[in-house]
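Take a look at the structure below.
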Amino acid sequence: MKVIKRDGRVVDYDREKIATAIQKANKEVKPRERATKEDIKSIMEYIEELDKKRILVEDIQDIIEEKLMELQKFELAKKYIVYRYTRALVRKQNTTDESILGLIRNENKELAEENSNKNTMLASTQRDYIAGEVSRDLTKRMLLPEKITKAHEDGVLHFHDADYFIQPIFNCCLINISDMLDNGTVMNGKMIESPKSFQVACTVTTQIIAAVASNQYGGQSVDLKHLGKYLRKSHDKFEKELREQYEGKLSDEMIEEIVSLRVKSELASGVQTIQYQINTLMTTNGQSPFVTLFLHLEEDDPYIKENAMIIEEVLKQRYKGIKNEKGVYVTPAFPKLVYVLDEHNCLKGGEYDYLTKLAVKCSAKRMYPDYISAKKMKENYKGCVFSPMGCRSFLSPWKDENGNYKWEGRFNQGVVSLNLPQIAIVADGDEEKFWKELDERLEICYEALMCRHYSLLGTASDISPIHWQYGAIARLEKGQKIDELLKGGYSTLSLGYIGVYETTKLMKGVSHTTKEGHEFAIKVMRKLRETTDKWKEKTGLGFALYGTPAESLCYRFARIDKQRFGTIEDITDKGYYTNSYHVDVRENIDAFDKLSFESEFQNISSGGAISYIEIPNLRNNLKALEEVVKFIYDNIQYAEFNTKSDYCHVCGYDGEIVINDNNEWECPQCGNKDHNKMNVTRRTCGYLGENFWNEGKTREIKSRVLHL
């Protein structure tokens, strides 16, 4: 029998610990009140005869109390209860030592893998995490209602970013970069006026990104369309200078050619500034800014030509990559790129198809961009196209006093995610019990989200001037409360969810890709959506249903449920739950069917949704990838490719692994020929299905290690 400790550790059952605990209590009471050796033995035997594979330490203590009461050892039971309560108080007084020491010793793997933009080896990041552990401890013990803390620890829900809850700061946002660039801003008490050139606009943008990231805990998004006017300003400035100096000496054609060359040079330098600044600067919490660049060409944009040039340069530089410490070009984690497909660039003969072809080429080699279909997004969001926030959540539509939709300058107050499979485990196939349990747990989620809201109410704009006073979100006065921006749907509160696949499998015995499973899964999704809509109507706050792309949470929920309920085939035995509504990775479904299937769920999950497909390296078969991109435009709102690219584990090279004269795979960077230390993707047919061994068990299609 295994015993699950309060901190989640699993240890062997030790009957002597029970005897020791009761004997300690024995010493505190009169002889006639003490439990005899036979009494203690009978309690231990009762626990062992339960024949459980796993048991919570709290359950063992509950049984001891019950058995002492049955033996009419009331005084002894009281002493045991007091002792147990005292130990609980001691634990509550200090719950951070081990987590902090584990962080310093680099033993806390959960923290190390939590954020891709945080390096827990760095002193600055460790300082932030240490502060976060103390904040999380105070949040659990003092700031949150006890039932919400317990729900979080039991895996009923996940209260995201509890390490920041002690401060009145929010999650993620869409920076109002247009206002900040056009009307100027203030950073560190210094006025930053509207830029006069593209290069300066790019530099100011990166400084804004760093300042914003230092005063919130979530991601941020910047729409690059606002830089187009500054590229034209550079063009006009260069042309004016040249005409003043060379009018009559050079032809108009020659002047324009020189201007064009100077603009291209400044364009490349400006985009490089954004890419390198984001990847080299650190925010005050010791991390790279979690930033998304939104690449969207609007037909009625007066600067559409300039913005097309900017997008082209961004994609070219992303395709090239950034050199790591070994001088090898790699894919930077940030900025994330989100590329919008529209009628003029959806690979159907549009004017800007060349940009999409470049984006596809980039996807085949690198990790980004993600793709948004303007066609599908307009269907889902009342004709609007806008960026997801850094965390890939979406805002609900909101109109200003003039009746115009507004997206930039808005934000997310916080996220709470629901563990759906755990409800199904508890229901054990009983649908009536499932829906009842779901209602009860949704109510806890609502209370947890309202804690988020209440923690921000009454906050003065001085807490983060870059957000509230100088344009990133608003232009409030000093000392003014931010309350008006928390209400009326201006900002969102997001309900996330994990494991629709597992929930359906538990309740119906089949995947949600089957007819029966699909009906149940859609019913669950609609229930979640209707609930958030009711919360919104009830409070006037912007509640939204968010398909959380939280990989670490998928593992956390599965780990907790395995500890609590044991190994359940195809559920907790995998070690993870599937993200939101996603199809399980082991299902036999091709890329097109997967996107078609998941698109229906995206429409319901309007507070955020993204779908993934895993593809091999298609650098030599871009046509296959272009077909998928065309399909995205017509069928799904938001999708991303996980590309299996060539990669050398010895030197970090992620270019194309070559075949040498001896017909061996060889890394051109370091000469590595060890197949077990490289990934080589299949590049002949563009097959998008599951990998497998061939009959000869050769390396022809070696799953996960070598794909030829």
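Restricting attention to region 277-342, which GluC sites (Glu not before Pro) occupy a DSSP loop and are surrounded by at most 10 other Cβ atoms within 10 Å?
Details: sites: GLU298, GLU299, GLU306, GLU312, GLU313, GLU325; in loops: GLU298, GLU299, GLU325.
Loop-located and lightly packed - GLU299, GLU325.
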**Fill in**
With Cα coordinates, the longest principal axis of the chain makes an angle with the long axis of helix 57-70, in degrees rounded to 10, of 20 degrees
**Prompt:** If you line up the long axis of helix 228-246 against the longest principal axis of the chain, both from Cα atoms, how many degrees apart are they, to the nearest 10?
**Reply:** 30 degrees
**Å³ per residue enclosed by the Cα convex hull of region 220-324** = 129 Å³
**Prompt:** If one computes the Cα centroid of region 221-300 and of region 1-71, what distance in Å separates the two points?
**Reply:** 72 Å
**Prompt:** Which order do peptides 494-501, 72-79, 395-402 fall in by mean Cβ count within 10 Å, highest first?
**Reply:** 494-501, 72-79, 395-402
**Complete:** Packing-ranked peptide list from 328-340, 10-22, highest mean Cβ count within 10 angstrom first, is 328-340, 10-22
**Accessible-area composition of the chain, carbon plus sulfur, in percent [1.4 Å probe]** = 49 percent
**Item:** Alpha-carbon centroids, region 124-193 and region 301-375: separation in whole Å
**Value:** 31 Å
**Item:** Exposure of MET1 as accessible area (Å², to 10), given a probe of 1.4 Å and all protein chains
**Value:** 70 Å²
**Request:** Post the alpha-carbon centroid distance, region 463-491 to region 529-607, in whole angstrom.
**Result:** 32 Å
**Message:** Using only the alpha-carbon atoms, how far is helix 551-565 inclined from the longest principal axis of the chain? Give it as 0 to 90 degrees, nearest 10.
**Reply:** 10 degrees
**Item:** Principal axis box of the chain, alpha-carbon based, largest edge first, Å
**Value:** 116, 73, 48
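Loop-only trypsin sites (Lys or Arg not before Pro) in region 213-290, please: DSSP not H, G, I, E or B, and at most 14 other Cβ atoms within 10 Å. Intermediate values should be presented prior to the final figure.
Working: sites: LYS225, LYS229, ARG232, LYS233, LYS237, LYS240, ARG243, LYS249, ARG262, LYS264; in loops: LYS249.
Listed in order of number, the matching sites are LYS249.
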**Request:** Give the ranking of PHE592, PHE394 by solvent-accessible surface, highest area first, calculated with a 1.4 Å probe.
**Result:** PHE592, PHE394
**Asked** Per residue, how much space in cubic angstrom lies within the convex hull of the C-alpha atoms of region 322-455?
**Response** 241 Å³
**Prompt:** Which whole-number value in Å² is the accessible area per residue of the chain, probe 1.4 Å?
**Reply:** 45 Å²
**Request:** Keeping all protein chains in position, work out how much accessible area HIS235 exposes to a 1.4 Å probe, and write it in Å² to the nearest 10.
**Result:** 50 Å²
**Heavy-atom SASA rank of THR572, THR567 (probe 1.4 Å, accessible area, largest first)** = THR567, THR572
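The values are calculated or read from the model by the stated rules, or taken from the named source; none is laboratory data. Bear in mind the structure is a predicted one, so any value in this text is a computation, not a measurement. When we count neighbours, we look across all protein chains shown, and the Cβ atoms used for this are built from the backbone with ideal geometry, even at glycine. Heads up: the accessible areas ignore ligands, DNA and RNA and are worked out on the full protein's heavy atoms, side chains in. Shrake-Rupley method; radii C 1.70, N 1.55, O 1.52, S 1.80 Å.
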